[in-house]
Amino acid sequence: MISRLSSKHLLGIKGLSKEDIELILSTADNFKDVLNRPVKKIPSLRDVTIANLFFENSTRTRLSFELAERRLSADVVNFAASSSSVSKGETLIDTVKNILAMKVDIVVMRHPNPGAAVFLAKHIDSKIINAGDGAHEHPTQALLDAYSIREKFGEVKNKRVVIVGDILHSRVALSNIFCLQKLGAEVMVCGPTTLIPKYISSLNVKVEHNLRKALEWCDIANMLRIQLERQDTKNFPSIREYTMMYGLNMEMLRSLKNKITIMHPGPINRGVEITSEVADSDQSIILNQVENGVAIRMAVLYLLAADTY
């Protein structure tokens, strides 16, 4: 197995090889062990400075990255666009260059514009980790999802995974499709026609518009929320009608022939895409995903920082 990532940055899953992904997952195994120890902090990134640049609101991803950085003993700088000079018209390049003048080694960035992380990587020398760029990619979410499936089933290969919901506006869906396929899983997407992108046929995934049929097919269902903040037009009559057609409740879950595993990238809109009973059931690994997110982000930070020494 390779011992270093083939890329200087983590801009998306599309740019990673299968070997890169497997290296991240196996490295995360070691950090998962660390997180279960009484003393959870290790000095692996001592003297490495990491800037978290979030130009979009985030709670779970930002906290997960920050916890991963602090567990590795890195120096952490947090930046929120709403309270910065960006609100006064400062450009992305100027903002980052000012931060880099403080001798930052790694930049973790979330930005509303697709391709922002790629753009930044072409203009600065620091390592860039894409923490989500618009409706494009969210690589660490896909990695932690794959890790959670691997932890539950032993491997990802040959597993049937359906991604349900707002595929059109979801960066999680695209990164998951790339990641799962590279690891040998079969992928299906399910949702209203208006929320399935036209390019989906070029990605070699199955498309199903009937939720029951999709759930009967799969081993794992990854339930996405409706991203109303990214929708310019109305893609379905009402939330109530969406829930009737694509919401997963306990009655449907229990009626399936197979006992499937339920995932969700969060935040959950309880009572819309899944009920509280489903989210909290023994078939859900949603909290495992949250825990695994820290281990995966520790692994990515560690591997990218290796070249800074």
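The values are calculated or read from the model by the stated rules, or taken from the named source; none is laboratory data. Predicted, not measured: the structure shown is a model, and the values here were computed from it. Glycine also receives a Cβ, built like all others from the backbone with ideal geometry; neighbour counts cover every protein chain displayed.
Number of residues in the stretch 258-309 that are in a loop (DSSP other than H, G, I, E, B), over 21 Å from residue 217 (Cβ atoms) and of a type in the set (A, V, I, L, M): the value is 2.
Taking the numbered list (1) surrounded by fewer than 23 Cβ atoms within 10 Å (Cβ to Cβ); (2) outside the structural domain of residue 215 (by TED's automatic domain parsing); (3) small (Gly, Ala, Ser) in turn, residue 154 passes all entries but (2). Residue 5 meets the conditions (1) touching a residue at least 60 places away in the same chain (Cβ under 8 Å); (2) closer than 14 Å to residue 175 by Cα in every case but one. The failed one is (2). Of the strands (runs of 3 or more DSSP E) lying entirely inside the stretch 148-243, the ones with 3 or more residues being more than 20 Å from the chain's Cα centre (by Cα) and modelled with pLDDT of 95 or more are found at 206-208.
Can you name every residue in the stretch 236-260 that is under 12 Å from residue 272 (Cβ atoms) and either touching a Ser or Thr at 6+ places or on another chain (Cβ under 9 Å) or crowded, with 18+ Cβ neighbours inside 10 Å (or both)?
The answer is 236, 242, 243, 246, 247, 248, 249.
From the list 132, 165, the one residue that fits, being under 16 Å from residue 9 (Cα atoms) and touching a helix residue (DSSP H, G or I) at 6+ places or on another chain (Cβ under 7 Å), is 132.
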